[in-house]
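A short reminder: the numbers here are calculations on the coordinates, not readings from a lab. The shown structure was predicted, so the numbers you read here are calculated from the model rather than taken from an experiment. Note that each Cβ is placed from the backbone with ideal geometry, even for glycine, and that neighbours are counted across all protein chains shown.
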């Protein structure tokens, strides 16, 4: 709705060939963001609820997939560390045999 109001209020100025300072007005935010949060939220307000639900489920699926991948990587890292420790003990044992 906000976008519709903006569009109606700026249409005559645009048709007269004037440029609008919408981006420059929005760039004066204290956090340094160059976009107006009300305009960015206007598009999400027009989305139907099933679309939001679908995006949420997709995000949840991707998050679970990433967690599974991280678990597998953690297991691989653990096995590699065990292998590395085994090799280090073998090297240490061979070095001590050479010193004797």
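The label-point distance for residue 70 and residue 89, in a model that sets each label 7 Å from Cα toward Cβ, rounds to 3.1 nm.
Using a/c under 1.5 as the rounded threshold, could you call the range 50-100 rounded, prolate or oblate? The axes a ≥ b ≥ c are square roots of the C-alpha gyration tensor eigenvalues, and prolate needs a/b larger than b/c, oblate otherwise. Cα axes put the range 50-100 in the prolate bin. In this simple spin-label approximation, residue 47 and residue 82 carry label points 7 Å from Cα along the Cα→Cβ vector, and these lie 4.4 nm apart.
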